[in-house]
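The values are calculated or read from the model by the stated rules, or taken from the named source; none is laboratory data. Bear in mind that the values here come from a model prediction, so they are computed numbers and not experimental data. Here the Cβ is made from the backbone with ideal geometry for all residues, glycine too, and neighbour counts use every protein chain on show. These accessible areas exclude ligands, DNA and RNA; they are computed on the full protein's heavy atoms, side chains included. Shrake-Rupley method; radii C 1.70, N 1.55, O 1.52, S 1.80 Å.
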Amino acid sequence: ADNPLWDAPRTLITPHTSPQVPDRTGRSLDIICENVRRYRTGAPMLNALKPSDVYTPATI
């Protein structure tokens, strides 16, 4: 509770959770390899975030 990170400016702290799935590591590596291939050819990435997916706090 007393860590200064909690009050750091322009910092958003979120949990990272993912379900336990069979062969998660292998599946993750498949996606990474495919995204490297797509990056090299200029194709869109798999699982890319859209602007509407990104949290932006309301301005005061």
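Summarised as an ellipsoid, the chain has semi-axes of 31, 19, 11 Å, derived from the eigenvalues of the Cα gyration tensor scaled by 5 and square-rooted, with the largest first.
Could you tell me how many degrees, from 0 to 90 and to the nearest 10, lie between the Cα long axis of helix 24-41 and the main elongation axis, the longest principal axis, of the Cα atoms of the chain? So the helix axis and the longest Cα principal axis differ by about 80 degrees.
Between the listed residues L12, A1, P22, the Cα displaced farthest toward the positive end of the dipole of the chain, a dipole computed from Cβ unit charges relative to the Cα centre, is found at P22. The label-point distance for M45 and C33, in a model that sets each label 7 Å from Cα toward Cβ, rounds to 2.0 nm.
Element breakdown for the chain at a 1.4 angstrom probe: carbon and sulfur atoms account for 59% of the accessible area.
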